[in-house]
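The block underneath contains the structure these notes are about, expressed in structure tokens.
Coordinate-derived values only; no laboratory data. All values derive from a computational prediction rather than experimental measurement. Positions of Cβ are backbone-derived with ideal geometry, glycine not excepted, and every protein chain shown enters the neighbour counts.
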Amino acid sequence: MGRETVAFTDKAFIASFLELLQNLKAVAQTQGEVFVIAGSGTLAMEMAVANTLQHSDSALVVSHGFFGDRFVQIMERRGLQVDVLASPWGTTVSLDDIEKKLAEKEYRALAVTHVDTSTGVKAQIEEIGRIVHRYPKTLFIVDGVCATAAEPESMDVMDIDILFTGSQKAFGVSPGLFMLWASSNAMERRKSLGRIPDYYLDFENWLPMMHDPSKYFATPAINMVWALAEATRLILQEGLSDRWARHHIMANAIHSALETLGLSILAEPSCRSSTVTCVLYPQNLDDQFRSILNEEGLVVAAGIGHYRGKAFRIGHMGNIDVHDLVALVASLERALNSAGHLSQMGMGVSSLLHSLKKNASEHKKW
Ligand code: PMP
């Protein structure tokens, strides 16, 4: 990102962009199309909807929290008929309920957030994909903003029609770009819609540039593209399954440390993500706790919705290592101790290391 910016017509830039696009197809394990565009994850949500659904179409949203609900808002503003299956925060919608809903009515799309960042809940996208597959008129849209490149995802195997994420999450780049992948079914759906009202978000406007970056549609964010190209190379160098396993092993170790420290996790054990954890404050601890952590150099996010002030969220995705985890848990211990909630220091770190050791022995790279 610190390089001197060049024109988007620069030959070396075009070569990097093309390599990035190829590598991104490998990350999502798809033969479909990929788009890399300046904007954040929310714009990717709009792009997914704008290119596949029209006014009055029926869509089903499976929501496990704040970002699932955002899908509903985006769809309703476009005049879609939206049905919502939502679960209490910390749990998932049952597969039977999804199955029933799809059998009841014809939906043009089903949208689900792979990991809802508000709750740390992971959806069963593979199982949902298998159900949606039985309804060929229903496209399967997955918000991978808090999951892609950290949680197992394979577009072609899981029958995902649209997947998207933002550069700032598990890719480990600054915010500014989103990546969206589209299956051939999604591209056909776009075609069937004819002219859509959206200009910047239209697949058909961007597609020539995504096949040949010298073809101008709108100016790419040159330095961000370089950064994403490097991050994507690192992801493939680590290897997808090793990267997924690392996230899983690390998340288990964090969860074990948190519980040893007497903290409760919002997400039920069966649906905890490997990328983010929403931690409930014990009695007598409030959001002041985040300021204590901040003094330790640790930035955690606030609870969202009715968990505002009642929980905090730890992001643990991307290019992190064991040192980051030890620093995290040690800081939590010091902050709990200074808030009068922990007398014996070291228990959390020891539980973290024990869990890492136990799980690592089953995985060759660890
Ligand atoms: N979906 C999910 C799951 C997210 O976590 C976020 C952002 N945290 C978004 C969508 C929206 O992304 P952005 O903030 O980049 O617009």
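Summary of computed values
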item	result
Reachable lysines, given that their alpha-carbon falls under 25 Å from the alpha-carbon of Lys191 and they are not under 8 places away in the same chain	Lys25, Lys105, Lys137, Lys215
C-alpha center-to-center spacing [the stretch 38-62, the stretch 182-259] in angstrom	16 Å
Cα gyration tensor category, rounded, prolate or oblate, for the stretch 78-236 with a/c compared to 1.5	oblate
Choice from Ala111, Ala339, Ala245 showing the highest fluctuation, given a GNM over the chain with Cα pairs closer than 10 Å	Ala339
Degrees separating the helix 322-338 axis from the principal Cα axis of the chain, which is the longest one	50 degrees
From phi via Karplus (6.51, -1.76, 1.60), per-residue ³J(HN,Hα) for the stretch 130-138 in Hz, x at Gly/Pro	5, 5, 4, 4, 6, 10, x, 7, 9
Summed residue charge, Cβ within 14 Å of Ala267's Cβ, Lys/Arg positive, Asp/Glu negative	-1
Other-chain or far-sequence residues with amide H under 5 Å of His316's (modelled H)	Val276, Thr277
Positive-pole candidate from Ser273, Gly340, Ser351, dipole of the stretch 264-352, charges at beta carbon	Ser273
In order through the stretch 74-82: 3J(HN,Hα) via Karplus (6.51 cos²θ - 1.76 cosθ + 1.60), integer Hz, x for Gly, Pro	4, 6, 5, 5, 8, x, 7, 8, 10
Residues with amide H under 5 Å from that of Asp57, placed H, sequence gap 5 or more	Gln81
Largest-first ellipsoid semi-axes for the chain, taking √(5λ) over the Cα gyration tensor eigenvalues, angstrom	35, 26, 18
Rounded D (µm²/s) - the stretch 28-76, Kirkwood Rh over Cα pairs, Stokes-Einstein at 37 °C, 0.692 mPa s	265 µm²/s
Residues Trp244, Trp181 arranged by fewest to most Cβ contacts within 10 Å	Trp244, Trp181
Estimated FRET transfer efficiency (Ala38, Glu106; beta-carbon r; R0 30 Å; 0.05)	0.25
Note, ³J(HN,Hα) from phi for the stretch 42-53, Karplus 6.51, -1.76, 1.60, rounded to Hz, x at Gly and Pro	5, 5, 5, 4, 5, 5, 4, 6, 4, 9, 10, 10
GNM flexibility winner over the chain from Ala253, Ala186, Ala327 (Cα, springs under 10 Å)	Ala327
Percent of Cα pairs exceeding the 23 Å cut-off, where the set is the stretch 209-366	46 percent
For the chain, built as a Gaussian network whose Cα springs stay under 10 Å, the top-fluctuating residue of Leu234, Leu60, Leu261	Leu234
Extension gain (nm, one decimal) between Leu234 and Ala12, 0.36 nm per residue minus Cα-Cα	78.0 nm
DSSP bridge orientation in the chain - percent antiparallel, rounded to nearest 5	55 percent
Packing-based exposure ordering (other Cβ within 10 Å, fewest first) of Lys215, Lys169	Lys215, Lys169
Folded to 0 to 90 degrees: helix 95-104 orientation relative to the chain principal axis, Cα	30 degrees
For Val6, Val322, order by how many other beta-carbon atoms lie within 10 Å, fewest first	Val6, Val322
Largest to smallest principal axis extent of the C-alpha atoms in the stretch 11-132, angstrom	52, 30, 26
